[in-house]
Amino acid sequence: MADKTSLKPTRRRFIQAGVASSAALLSSTTMAQETTLIPGRGPGRRVIDTGYYGVPSEFAKTQRMKGNRGPGLVGGSLTPLHELEGMVTPAGLHFEVHHSGVPDIDPAEHKLLVHGLVDDAKIFTMEDLMRFPKVSRFHFLECAGNGMGEWMSPRGQTAQQTHGLTSCSQWTGVPLKVILNELGLRGDAKWLLAEGDDGARMTRSIPLWKAMDDAILAYKQNGEWLRAEQGFPLRLLVPGFEGNMNVKWLRRLEVGDKPWWTHHENTEYADPRPDDMIRAFSFYMECRSVITSPSGGMTLDGPGYYEISGLAWSGTGTITKVEVSTDNGGSWQEAQLEAPVLPRCHTRFRMPWTWDGKETIIMSRSTDDTGAVQPTYEEMYKIQGPIGMMHNTAIQNWKIAQTGEITNDRS
Amino acid sequence: MTVHKTKLVKFVSTCALAGLLIGCSEADTGAEPEAAMAQEMPAEAAAPDMKYGFGTSVGADIIAQYDGDIHIDGTGLPSGSGNVALGREIYEIQCAICHGENLEGVREMGAQTMHEGRRDIKKLPYAESLFDFVRRSMPLTDPGTLSNDETYGLVAFLLVETGVMEDPELTLDADSLKAINMPNRDKFIIDPASGFTAEELEGK
């Protein structure tokens, strides 16, 4: 037995890591009975049937974190950024926010009406929409409220809690400009109203210039159908704009000459300022980054080599630089950006680091191709006022104690 | 176009190889502009003025079945009317369970106060969009069930309860609702990055 396991590094690692269920696994017979008579190599190692749609190994526990306001009609979930690698978020771990539950829609029944200031109003089935030319693009999607709990003081323990309302997928669909061109725009057209088919029919106003630029009516995510919570079967994608504008379960687009000042754009997703003013129509999710490893909730295993790695993204363009400080902002070093580096997309950065075992604070700062640089909290307060909530782009500090324990601390 | 295509191919191949073999580090910085193009290419490939003929043209009757929104100039406001008393009655039966007896919000039901902060009714720019939201989205457990009269009544009730309107017997219909000037209307700062000025977004 000992000899055999030594030939199986994977198995040995599981045992060393003390995975609680490994003993149970060795003696478990239930799955073996259900699946096959052919044993895995080595005594007691079972084989499993991974079904028609693969799911993560039972040892892989990476999960979203769910949160609801009230009885669950308004709620969402956070992406476990600290447990993920690369720049794409698996669809099942993509964050989501819904304002009146996640509807269960039959794509055969679903239709999109496009009307208003157009020459020829049309209704489209999903089949119709999928016949138009397609594009596939990698884009991040971030909730305007990502990190809103962090505004006044650090609260989240992990990168999932502080930054988990951003995710990145490859989205496929028809460019919205193709559809608008199909209908013919009238001269005074300047805005679109996008309406979802959730219970409360969430609406947002979208500037026409964005619709004619890079907006997509998306039906596929990472190659497969959108997940229900991502708007199955159809969502609007306005790359780089706040998540709420990327209306899910899209049922209607109306072309108009003014914005509608809908509930969600004039209250919840607007930003009250200290001087009684309200900042509104702030579409862009601006230049931002976070170190995902090592990060809050982790513990370093003594001094030595560690790779610092994280994500940077910007709704206004392409990330051109990420700098990392391992001495509480005293000095900065440029991290490597890992390809692909795409506009309005998560970008993975990496930097080798040797920890000397002393208490310190690590942080990252991103720059995009418009020259925008990620601000500190002090700088952000100056721009937005100290009682904001939405569009928190400030630099994230992770404090490393002598014990190696990492906490969210910006003192 | 052709130039872009060559670059695209080059980017894909260097990156795929480098990505597999050496972790794709050196190639990256040089590849940025190509990468950007890789995302823009397909849309350009679609002929800009092509009409495909997919979808079904519809007239006013079908549109009316789908469209229920109110524009800030009042377009879409339906006929009918309702007063504060009607609004209060509906509110107590259908809304107070979540929004509280005095609009203070019931946390466990996910609703927040409508007297201050982000959900402050006084701070809304247009009474039209309040009507629009209530009729389309509320009550959250059964949206789309309020009649036009009930919605006018509820809007009258909400505006009086939050001190925007004074008359405790206020009755609203399309014309009187359109005539309301919300007190916070001029307190919105429009993000210049939106490409619009405050005046361009005015409804009336």
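Of all accessible surface on segment A:148-298 at a 1.4 Å probe, what whole percent is carbon and sulfur?
47 percent
Long-range amide H contacts for B:MET165: which residues qualify at under 5 Å (H placed 1.01 Å from N, peptide plane, sequence gap of 5 or more or a different chain)?
Excluding prolines and chain starts, which carry no amide H, the hits are B:VAL160.
Can you compute the charge dipole magnitude of segment A:288-408 about its Cα centre, using +1 on each Lys and Arg Cβ and -1 on each Asp and Glu Cβ, nothing else charged? Give it in debye, rounded to the nearest 20.
In debye, rounded to 20, segment A:288-408 gives about 320.
Determine, for each peptide in B:174-181, A:250-257, the mean count of other beta carbons within 10 angstrom over its residues, then list the peptides with the highest first.
The densest-packed peptide leads the list: A:250-257, B:174-181.
What pairs in A:LYS122/A:LYS210; A:LYS321/B:LYS187; A:LYS258/B:LYS178; A:LYS248/A:LYS382; A:LYS382/B:LYS123 have C-alpha atoms more than 26 Å from each other?
A:LYS321/B:LYS187; A:LYS248/A:LYS382
Between segment B:174-193 and segment A:63-130, how far is it from one alpha carbon centroid to the other, in angstrom?
30 Å
Work out the mean other chain Cβ neighbour count within 10 Å for the residues of A:343-353 and drop it here as an integer.
2
Given a 1.4 Å probe, show me the residues in segment B:166-204 buried by at least 40 Å² of accessible surface when comparing the whole protein assembly to the chain alone.
With the partner chains in place, segment B:166-204 has these residues losing at least 40 Å²: B:LYS187, B:PHE188, B:ILE189, B:ASP191, B:ALA193, B:SER194, B:PHE196, B:LEU201.
Going by amide H atoms built from the backbone, whose H comes under 5 Å of the H on A:LEU250, apart from near neighbours?
Correct list: A:ASP197, A:LEU234, A:ARG235, A:LEU236.
If packing is taken as the mean number of other Cβ atoms within 10 Å per residue, what is the order of A:147-153, A:105-111, highest first?
A:147-153, A:105-111
What's the total accessible area buried between chains B and A, using a 1.4 Å probe, rounded to the nearest 100 Å²?
Interface area, both chains combined: 6200 Å², rounded to the nearest 100.
Find how many whole Å separate the alpha carbon centroid of segment A:271-307 from the alpha carbon centroid of segment B:105-136.
Each part reduced to its Cα centre gives a spacing of 29 Å.
Please give the peptides A:199-206, A:46-53, A:344-351, A:333-340 ranked by average Cβ packing (other Cβ atoms within 10 Å per residue), highest first, as a rough proxy for protection.
Ranked by mean Cβ neighbours within 10 Å, highest first: A:344-351, A:199-206, A:333-340, A:46-53.
Given points 7 Å out from each Cα along the Cα-Cβ axis, report the B:MET50 to A:GLU83 separation in nanometres with one decimal.
Taking the simple label geometry, B:MET50 and A:GLU83 are separated by 4.4 nm.
May I ask you to evaluate 6.51 cos²θ - 1.76 cosθ + 1.60, the Karplus curve with θ = phi - 60°, for each residue of segment B:134-143 and list the ³J(HN,Hα) values in order in whole Hz, giving x for glycine and proline?
3J(HN,Hα) across segment B:134-143, in whole Hz: 4, 5, 7, 10, 10, x, 4, 7, 8, x.
Of A:ILE123, A:ILE361, A:ILE216, which has the largest mean-square fluctuation in a 10 Å C-alpha GNM of chain A?
The residue with the greatest mean-square fluctuation here is A:ILE123.
Just the number please: accessible area per residue for the protein assembly as shown, 1.4 Å probe, all protein chains included, in Å².
Computed with neighbouring chains in place, this is 44 Å² per residue.
Let me have the 222 nm mean residue ellipticity of chain A computed from DSSP H runs of 4+ only, each contributing -39500 (n - 2.57), with the sum over all residues rounded to the nearest 500.
-3000 deg cm²/dmol
The values are calculated or read from the model by the stated rules, or taken from the named source; none is laboratory data. What you see is a predicted model, and the numbers here were worked out from it, not measured in a lab. Please note: Cβ atoms are built from the backbone with ideal geometry, for glycine as well, and neighbour counts cover all protein chains shown. Side chains are part of the model used for accessible areas, which takes the heavy atoms of the whole protein and leaves out ligands, DNA and RNA. Shrake-Rupley method; radii C 1.70, N 1.55, O 1.52, S 1.80 Å.
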